[in-house]
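Every read-out reported here was derived from the displayed coordinates using simple, explicitly stated rules and does not represent laboratory data. A quick note: this is a predicted structure, and the numbers were derived from the prediction, not measured. As a convention, Cβ positions derive from the backbone with ideal geometry for all residues, glycine included, and neighbour counts pool all protein chains shown.
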């Protein structure tokens, strides 16, 4: 159930062990073919479907729409918060639910640039609220075993405005996609062991702003995208999140 759609009294009836999901995303460039709100749309589509599967077994909070996107700011339309600002906003929203007695919080991330500060948030939530369990994860890493068979491209085909993100937006908002503007792109590190995409990380971190990684703002292969693939991805992600929640917080 969506937190924002409930009246005060109805929300107060929920068991305080109900998992509360706080989606975090970004508003930033996604090449010329996808909308700026791609990450928000993806995580909200995932949670809309999860709601249908789990009904009143979860509470979904409003999306923290603007994330940490400094590395995209060379491209028009991108919005960003400083790490400290994002951390404080996410922790204060999550803490609001905790102040109402909820004890199980999941922060579901939909933007790669949030990952570093998400790790800090996870640690700080545990230290600040020792009586609360807080899960922090990305939709793609939670779902990796189910997503690997769906991917058609080689290493680097799923990254940003890519095979996967383009497929999902084609499935949920085709009117916002202009495939005539889609171009495969992305420059990997000169050292092969440092190559990465959404499915596999590099051996070590090496920061590069996005305009260095890609001249057109795409990292991956949108040419491999399809609405049918997008539906398969969403199905895999929803099932993976449902499975994680039910394993981590089994019903009594």
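Test of understanding: ordering 96, 69 by Cβ neighbours within 10 Å, fewest first, what list do you get?
Ranked by crowding around the Cβ, least crowded first: 96, 69.
Using alpha carbon centroids, what distance separates segment 202-252 and segment 147-186, in Å?
Segment 202-252 and segment 147-186 have Cα centres spaced 10 Å from each other.
What share of the DSSP beta bridges in the chain is antiparallel, in percent to the nearest 5?
Counting DSSP beta bridges with both partners in the chain, the antiparallel share is about 15 percent.
Report relative contact order for segment 158-252 in percent, whole number only (criteria: Cα-Cα under 8 Å, sequence separation at least 6).
Reported as a whole number, the value is 45 percent.
Return the single residue from 55, 45, 225 with maximal mean-square fluctuation; model: Gaussian network over the chain, springs between Cα atoms under 10 Å.
Ranking 55, 45, 225 by mean-square fluctuation puts 55 first.
By how many nm would the segment from residue 56 to residue 32 grow when fully extended, if each residue of separation counts as 0.36 nm and the alpha-carbon distance is taken off?
Roughly 4.8 nm would be gained on extension.
When only C-alpha pairs under 8 Å and at least 6 residues apart count, what is the relative contact order of segment 3-240, in percent?
Once divided by the residue count of segment 3-240, the mean separation gives 24 percent.
Given the -39500 (n - 2.57) contribution per DSSP H run of 4+ residues, what per-residue ellipticity at 222 nm results for the chain, rounded to the nearest 500 deg cm²/dmol?
Dividing the helical sum by the residues of the chain leaves -11500 deg cm²/dmol.
Which value in nm describes the separation of the simple spin-label points at residue 95 and residue 215, placed 7 Å from the Cα toward the beta carbon?
4.7 nm
Taking the simple approach of a point 7 Å from Cα along Cα-to-Cβ for both residue 144 and residue 3, what is their distance in nm?
2.8 nm
Test of understanding: in a Gaussian network model of the chain with alpha carbons linked when under 10 Å, which of 222, 202, 145 would top the mean-square fluctuation ranking?
Of 222, 202, 145, the Gaussian network model singles out 202 as fluctuating most.
Rounded, prolate or oblate: pick one for segment 108-252, where a ≥ b ≥ c are the square roots of the eigenvalues of its C-alpha gyration tensor, a/c under 1.5 means rounded, and failing that, prolate if a/b is larger than b/c, else oblate.
Oblate, because a/c is 1.5 or more while a/b does not exceed b/c.
With the cut-off at 1.5 for a/c, could you classify segment 20-83 from its C-alpha gyration tensor as rounded, prolate or oblate?
oblate
With 10 angstrom as the radius, rank 146, 99 by how many other C-beta atoms surround their C-beta, starting from the fewest.
Ranked by crowding around the Cβ, least crowded first: 99, 146.
Report the gain in length on full extension from residue 15 to residue 189: 0.36 nm times residue separation, minus Cα-Cα distance, nm rounded to one decimal.
57.8 nm
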